[in-house]
Structures are given as C-alpha cells and as structure tokens.
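Input: a single structure, listed below in structure tokens.
The values are calculated or read from the model by the stated rules, or taken from the named source; none is laboratory data. Keep in mind that this is a model prediction, so the values were computed, not measured. Every residue, glycine as well, gets a Cβ built from its backbone with ideal geometry; the counts of neighbours run over all protein chains shown. The protein model used for the area step is the full one, side chains on, heavy atoms only, and it has no ligands, DNA or RNA in it. Shrake-Rupley method; radii C 1.70, N 1.55, O 1.52, S 1.80 Å.
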Amino acid sequence: MRRQYHFMPDEDGQKAWDVRRLIELSADLPVEEVPLADIAEIDQVYWFDRDHFRPTVRSVVEHMALIEATDLAHPIILGMDGRVMDGMHRVAKALVQGRTTITAKRFAVDPEPDHRNCHPADLDYSPTPPDSRR
C-alpha cells in the first residue's frame, strides 16, 4: 500500500498529515460509535476535484476496489472538529452496507501537520508495509 496523507486547506495553502503517524498517535484513544449522518464529508467532494483528481471511470473504479477491500474492524480517525482524517473508504463501505454508525477514534486536539504549504503531488508516496486500513 502506498503512503497516504490527510489534506486540509489553510491560509498558506495545504497542510498534510501522514496517515501512518495519525494511526500511531491515535492508538490509545477511546473507540466510539459515530453516526454516519454526522460525517459532513459524505455530502462533499472528497476524493476528486476538477483540476487534479478528476472522477474518471477509471478513478471511480479504483476507489470502488479500495472500498471493497477495506476492513471495517479498524476505527476511522476523526479530527477534533469531526472531519475524517483517515478512513473515508471505510465510511463509504459502511454506507454501501446500509450501516448507520461507524467506529471511530477522535483527537481532542489535532496533532501538528507533517507538511505545510504543500501540494499533494510533491509528497512522497512510496510503498508502506501492508495495512488493510483505507
């Protein structure tokens, strides 16, 4: 599996968190059941945009495969404001399965980002050890 990042715009461009680090930092956080209806990104453009990541048939099929392969046994990771920092493919799988909740770990205070003022294409996406989280 290639390295993954969580991105969020800020006043200086994009900030990014390495998902492997988010998983490590959230290891001891309590697990909670979160209503899927509370996850705002479900009704927002998330994986795609007009300029860099267009929703071609190929890119949609690639995400479908990731959704199918993901394991709901792993809680998603939420930022302190409830945004998904890791696990949107798990959220999508839960939706497809008709679930109303998903397990999650939530940061009380967001960790510092690994990168600031960055562009997704400029980051390292080298493979990481196998992990079924997506």
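What the table shows:
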{"read-out": "Full-stretch length increase - Thr101, Arg21 - with 0.36 nm per residue and alpha-carbon distance subtracted", "value": "26.3 nm"}
{"read-out": "Additional length obtainable on full extension of the chain from Asp122 to Met80, 0.36 nm per residue less Cα span", "value": "12.5 nm"}
{"read-out": "Positive-end residue, the chain charge dipole about Cα centroid, Cβ charges, pick of Ile39, Thr101, His119", "value": "Thr101"}
{"read-out": "Net charge dipole size for the chain [Lys, Arg +1 and Asp, Glu -1 on Cβ; Debye, nearest 20]", "value": "500"}
{"read-out": "Chain lengthening between Phe7 and Glu33 when straightened (0.36 nm per residue, less Cα-Cα)", "value": "7.0 nm"}
{"read-out": "Gyration tensor verdict on the chain (Cα atoms; rounded if a/c is under 1.5, prolate if a/b is larger than b/c, oblate otherwise)", "value": "rounded"}
{"read-out": "Met85 long-range amide H proximity, modeled H, under 5 Å", "value": "Ile77, Leu78, Gly79"}
{"read-out": "Length-normalised contact order for the chain - Cα pairs under 8 Å, 6+ apart - percent", "value": "39"}
{"read-out": "Share of Cα-Cα pairs in region 38-88 lying beyond 14 Å, as whole percent", "value": "62"}
{"read-out": "10 Å beta-carbon shell around Val31, net charge (K/R +1, D/E -1)", "value": "0"}
{"read-out": "With every protein chain in place, the chain: carbon and sulfur % of accessible area (1.4 Å)", "value": "53"}
{"read-out": "The chain, helix-only ellipticity at 222 nm - DSSP H runs n ≥ 4, -39,500 (n - 2.57), divided by all residues, nearest 500", "value": "-6500 deg cm²/dmol"}
